[in-house]
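Let me begin by presenting the structure, written as structure tokens, before commenting on it.
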Amino acid sequence: MRLLQPSPEESMSKKDKALERLGQIIQDLGLKAGDRLPPERRLVAMLDVSRNTLRSILHSLEARGLVSIRPGSGCYMRIGISSAQDNPLDLNLSPEKVMADQLEAAYLLLPMVAEHAADRIGERKLEELKQCSVDISRSIFKEAPKLVWNECLTFFRLIAIGTGNDFLVRAVEQVCSVDMSTFDMFFTLRREEREAIFADHIKLLHALRARDSEWARAITANYFLRMCSILEERENIPMTDLVFRSLREQEDQHERNEAWST
């Protein structure tokens, strides 16, 4: 029996379709470098996507130099796009590559942000972080992966706000803008693995309260290395070479420490 192959339209993801449609909208409106895209609310309706998906698309395009996002003003074209291609905004990135890059960026950026926050975060933000850790715990109890993911992102965003640096806040928001749909795997983990992930949030909160910048940085780095290792093992999301080397160095250091203690 001959298997029917899906048509190109059927095999396209919703995000791919939205990118294709956005490219057509840009061409239909004749937008050139420096021109402003339609407002976010209008684009959401035109593309039939959620606000989070739209922002993920725009951040991906910004990272590639196609648009410039100006908070409070809108999204602007940085260069014109060619009409020679069927889909001029096709990013040609697999979900696995997007997530691997996201985690690498988080591993590089977030430990530094946590280190900086330990020196500058105020008591009110520490209280908000404490409440956020409670919300994470409740989301875990409800077994609601989306809530767990959203609360975890809120946790790190609050830390970025605690630095008092708006550019760092925007950078953290962009790093965390990709929707990690495979966070559903959280509840397939062994209990001790879930507890270790949650415990890192509590340890980080304690490090920030203690104003221990070195401890805050180490905990955050360990958090993302743990996530990368779990995702490669459980979801076939390959680590980048940089993350792999860092994880191997961490394991080697752990073995050396154990050897010294025996």
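Consider region 230-260. How many of its residues are assigned to a helix (DSSP H, G or I) and within 17 Å of residue 100 (Cβ to Cβ)? Qualifying residue count for the region: 14. Taking residue 227 as the residue in question, decide whether it is under 17 Å from residue 108 (Cβ atoms), at pLDDT below 95, part of a loop (DSSP other than H, G, I, E, B) and assigned by the TED database to the domain that holds residue 144. The answer is no for residue 227. On the stretch given as region 236-246, residues that are surrounded by fewer than 18 Cβ atoms within 10 Å (Cβ to Cβ) and either among the acidic types (Asp, Glu) or touching a residue at least 12 places away in the same chain (Cβ under 8 Å) (or both) total 5. For region 71-79, the criterion of being within 22 Å of the chain's Cα centre (by Cα), in a strand (DSSP E or B) and under 28 Å from residue 169 (Cα atoms) is met by at least one residue. Here residue 154 does not qualify as modelled with pLDDT of 95 or more, of a type outside the set (A, V, I, L, M, F, W, C) and assigned by the TED database to the domain that holds residue 190. In region 22-40, the residues that are farther than 19 Å from residue 52 by Cα reach residues that are open to solvent by 50 Å² or more (accessible area, probe 1.4 Å) and modelled with pLDDT of 90 or more with C-beta atoms within less than 7 angstrom, at least six apart or across chains, in these pairs: 25/46.
Quick one: which of 214, 255, 195 is outside the structural domain of residue 140 (by the TED database) and open to solvent by 70 Å² or more (accessible area, probe 1.4 Å)?
Working: 214 fails: outside the structural domain of residue 140 (by the TED database); 195 fails: outside the structural domain of residue 140 (by the TED database).
The unique qualifying residue is 255.
Taken over region 155-169, the criterion of being assigned to a helix (DSSP H, G or I) and crowded, with 17+ Cβ neighbours inside 10 Å is satisfied by 155, 156, 158, 159, 160, 161, 162, 168, 169. Any residue in region 65-76 that's assigned by the TED database to the domain that holds residue 35: show its pairings with residues that are open to solvent by less than 30 Å² (accessible area, probe 1.4 Å) and of a type outside the set (A, V, I, L, M) at Cβ separation under 8 Å, as long as the two are six or more apart or on different chains. Every condition considered, the pairs that remain are 67/75; 68/75; 69/75.
Quick check on this structure: which one of 56, 50, 60 is closer than 21 Å to residue 176 by Cα and either touching a Cys at 6+ places or on another chain (Cβ under 7 Å) or free of Cβ contacts under 8 Å to residues at least 12 places away in the same chain (or both)?
50 is the lone residue from the list that is closer than 21 Å to residue 176 by Cα and either touching a Cys at 6+ places or on another chain (Cβ under 7 Å) or free of Cβ contacts under 8 Å to residues at least 12 places away in the same chain (or both).
Kindly indicate which of 111, 39, 88 is out of contact with any Gly (no Cβ under 7 Å at 6 or more places or on another chain) and either modelled with pLDDT of 95 or more or surrounded by fewer than 20 Cβ atoms within 10 Å (Cβ to Cβ) (or both). Even if it seems obvious, please write down each step before you answer.
Values: 39 fails: out of contact with any Gly (no Cβ under 7 Å at 6 or more places or on another chain); 88 fails: out of contact with any Gly (no Cβ under 7 Å at 6 or more places or on another chain).
Just a single option satisfies the conditions, and that option is 111.
The condition (being modelled with pLDDT of 90 or more and either in contact with a strand residue (DSSP E or B) (Cβ under 8 Å, 6 or more places away or on another chain) or over 21 Å from residue 218 (Cα atoms) (or both)) is satisfied by just one residue among 166, 179, 184: 166. Could you list, in sequence order, all residues of region 137-154 that are of a type in the set (S, T, N, Q) and either surrounded by fewer than 19 Cβ atoms within 10 Å (Cβ to Cβ) or out of contact with any Phe, Trp or Tyr (no Cβ under 9 Å at 6 or more places or on another chain) (or both)? If the condition is that a residue be of a type in the set (S, T, N, Q) and either surrounded by fewer than 19 Cβ atoms within 10 Å (Cβ to Cβ) or out of contact with any Phe, Trp or Tyr (no Cβ under 9 Å at 6 or more places or on another chain) (or both), then 137, 150, 154 are the ones that fit.
Every condition in (1) open to solvent by 30 Å² or more (accessible area, probe 1.4 Å); (2) among the β-branched types (Val, Ile, Thr); (3) under 18 Å from the mean Cα position of the chain (by Cα) holds for residue 202 except the one numbered (3).
The values are calculated or read from the model by the stated rules, or taken from the named source; none is laboratory data. All values derive from a computational prediction rather than experimental measurement. Every residue, glycine among them, receives a Cβ derived from its backbone with ideal geometry; neighbour counts consider all protein chains shown. When the accessible area is computed, the model is the full protein with side chains, heavy atoms only, and any ligands, DNA or RNA have been set aside. Shrake-Rupley method; radii C 1.70, N 1.55, O 1.52, S 1.80 Å.
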